[in-house]
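Student: This is the structure, below, for whatever I ask next.
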Amino acid sequence: MARVLVVGAGATGAFFGARLAAAGNEVTFLVRPRRRDVLRSRGLRIIGPEHEEVLHPRLITADEVGGSHDAVLLSVKAAGLAAAMDDLAPAVGERTAVIPFLNGIAHLDALNRRFGPERVLGGVVKVVTVVDGNGDIRRLAPPASMVIGEQSGQDTERLRLLAGAFAPAAFDFATSGRIVDDMWHKWVFIAAVTAVTVLMRGSVGEIAAVPGGPEFAAAVVAEAAAVSAAAGHPLAGDALAELRAVVTQPGSPYVPSMYRDLSAGRPTEVEHVFGDLVARADALGIGVPLLELATLNLRVHQNRAQGTGV
């Protein structure tokens, strides 16, 4: 059993925190007062295609954080990272593992500066969930997985202890000796599939169905993969082929979360996912015109969503 603080009870943090609690871990959710009130009223509800789970977890707000934890799972949007680091700091002791589940890679640098790389693990999660109008977590598809690892790639006692606590939970769990590579590769996936769907304003299947659609999608994948390779994190041939297959799959209804945010008029993580990737490409001398176009598109939307446009 591990003492776990989950920072953020949105679609991702609530799902994995609930599963860890159900597996016998001591889980506390650090939330904003408004989210606390919803969860106290309704419970933490995870609604799947066939059943509904309701938990009543321990909830605290920033003024109540104290005592070191074995692990702090950080699941917030990039815009909330700075505030979240301030809020969770009292929970970080000498042996605490801070494990972020944000998109991109820039947050790893920020966390390393704040807490020291010896306290920060890498993490990758995959789950298809949304928060509905009632504040409940709706699971849209069955896959759910978590991978964590030391940035150094070492198999440490801390990592083994966390693995023992996390593995019994009801999701696929693994540790990795190449977690930074894993984080980069997820970044490539998110950037590619988001750029494809955002630029064409359609699902993967709709784009694959038109002449030139599969070729366009493959070109976006090639740009994102080239940046990762130049940064020292190349995708293996089979992984690259699998990604191409995902973004060119005929009939696929898939759209990523940033596309859903765009369609709903909500702000997106454009700078964390795209601005940073394009900046790294420029520094490495890699041409990425399609990713630059997607970045521009999302920046225009961001200004509109935040009310800062002309």
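Student: Please indicate, with yes or no, whether at least one residue in region 237-256 is outside the structural domain of Leu140 (by TED's automatic domain parsing), more than 22 Å from the chain's Cα centre (by Cα) and within 21 Å of Asp276 (Cβ to Cβ).
Tutor: The initial filter retains those residues of region 237-256 that are outside the structural domain of Leu140 (by TED's automatic domain parsing), namely 237-256.
If we keep only those that are more than 22 Å from the chain's Cα centre (by Cα) too, we end up with 237-238, 241, 248-251.
Checking which are within 21 Å of Asp276 (Cβ to Cβ) leaves us with none.
So far as region 237-256 goes, no, none of its residues is outside the structural domain of Leu140 (by TED's automatic domain parsing), more than 22 Å from the chain's Cα centre (by Cα) and within 21 Å of Asp276 (Cβ to Cβ).
Student: Now a separate question. Checking the conditions here, which among Arg201, Arg160 is on the phi > 0 side of the Ramachandran plot and either without any contact (Cβ under 8 Å) to a residue 24 or more places away in the chain or outside the structural domain of Glu271 (by TED's automatic domain parsing) (or both)? Working first, answer last.
Tutor: On the way: Arg160 fails: on the phi > 0 side of the Ramachandran plot.
Going through Arg201, Arg160 in turn, the sole match is Arg201.
Student: For region 41-52, check the following and say yes or no: at least one residue is closer than 30 Å to Leu277 by Cβ, surrounded by 18 or more Cβ atoms within 10 Å (Cβ to Cβ) and β-branched (Val, Ile, Thr).
Tutor: We begin by selecting, within region 41-52, every residue closer than 30 Å to Leu277 by Cβ; these are none.
No, region 41-52 contains no residue that is closer than 30 Å to Leu277 by Cβ, surrounded by 18 or more Cβ atoms within 10 Å (Cβ to Cβ) and β-branched (Val, Ile, Thr).
Student: When Gly265 is evaluated against the numbered criteria (1) modelled with pLDDT under 95; (2) within 14 Å of Ala191 (Cα to Cα); (3) of a type outside the set (S, T, N, Q), which criterion, by number, is the only one it fails?
Tutor: (2)
Student: Picking from Leu108, Leu74, Leu88, Leu81, which residue would you name as being in contact (Cβ under 8 Å) with a residue 24 or more places away in the chain, buried (at least 23 other Cβ atoms within 10 Å of the Cβ) and closer than 21 Å to Ala191 by Cβ?
Tutor: Working: Leu108 fails: buried (at least 23 other Cβ atoms within 10 Å of the Cβ); Leu88 fails: closer than 21 Å to Ala191 by Cβ; Leu81 fails: buried (at least 23 other Cβ atoms within 10 Å of the Cβ).
Answer to the check: Leu74.
Student: Now, a different point. Which residue, of Thr197, Thr175, is crowded, with 16+ Cβ neighbours inside 10 Å and in contact with a strand residue (DSSP E or B) (Cβ under 9 Å, 6 or more places away or on another chain)?
Tutor: On the way: Thr197 fails: in contact with a strand residue (DSSP E or B) (Cβ under 9 Å, 6 or more places away or on another chain).
Just one listed residue meets the conditions, Thr175.
Student: Cβ contacts < 6 Å: first residue at negative phi, restricted to region 38-60; second residue among the small types (Gly, Ala, Ser), any location; separation 6+ or different chain. Result?
Tutor: So the pair list comes out as Val38/Gly135; Leu44/Ala14; Leu44/Ala18; Ile46/Ala18; Val54/Gly43; Leu55/Ala18; His56/Gly43; Pro57/Ala21.
Table: residues versus (1) within 27 Å of Thr129 (Cβ to Cβ); (2) polar (S, T, N, Q); (3) touching a Phe, Trp or Tyr at 6+ places or on another chain (Cβ under 8 Å).
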residue: His185; (1), (2), (3): yes, no, no
residue: Val198; (1), (2), (3): yes, no, yes
residue: Gly232; (1), (2), (3): no, no, no
residue: Ala239; (1), (2), (3): yes, no, no
residue: Tyr259; (1), (2), (3): yes, no, no
residue: Gly265; (1), (2), (3): yes, no, no
residue: Val300; (1), (2), (3): no, no, no
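Student: Let me ask another. Out of all the residues in region 91-105, which are without any contact (Cβ under 8 Å) to a residue 60 or more places away in the chain and surrounded by fewer than 19 Cβ atoms within 10 Å (Cβ to Cβ)?
Tutor: Gly93, Glu94, listed by residue number.
Student: Quick one: which residue in Ala195, Ala229 is aliphatic (A, V, I, L, M) and over 17 Å from the mean Cα position of the chain (by Cα)?
Tutor: Details: Ala195 fails: over 17 Å from the mean Cα position of the chain (by Cα).
That would be Ala229, the only listed residue that is aliphatic (A, V, I, L, M) and over 17 Å from the mean Cα position of the chain (by Cα).
Student: Restricting attention to region 268-310, which residues are part of a loop (DSSP other than H, G, I, E, B), at pLDDT 95 or above and farther than 18 Å from Trp187 by Cα?
Tutor: Gly285
Student: If Met183 satisfies every condition in (1) touching a strand residue (DSSP E or B) at 6+ places or on another chain (Cβ under 7 Å); (2) of a type in the set (A, V, I, L, M); (3) surrounded by fewer than 20 Cβ atoms within 10 Å (Cβ to Cβ); (4) under 19 Å from Leu102 (Cβ atoms) but one, which is the exception?
Tutor: In the conditions (1) touching a strand residue (DSSP E or B) at 6+ places or on another chain (Cβ under 7 Å); (2) of a type in the set (A, V, I, L, M); (3) surrounded by fewer than 20 Cβ atoms within 10 Å (Cβ to Cβ); (4) under 19 Å from Leu102 (Cβ atoms), Met183 misses (3) alone.
Student: Exactly one of (1) over 26 Å from Tyr254 (Cα atoms); (2) of a type outside the set (D, E, K, R); (3) without any contact (Cβ under 8 Å) to a residue 24 or more places away in the chain is unmet by Val128. Its number?
Tutor: (1)
The values are calculated or read from the model by the stated rules, or taken from the named source; none is laboratory data. Since this is a predicted model, take the numbers as computed values, not measurements. Positions of Cβ are backbone-derived with ideal geometry, glycine not excepted, and every protein chain shown enters the neighbour counts.
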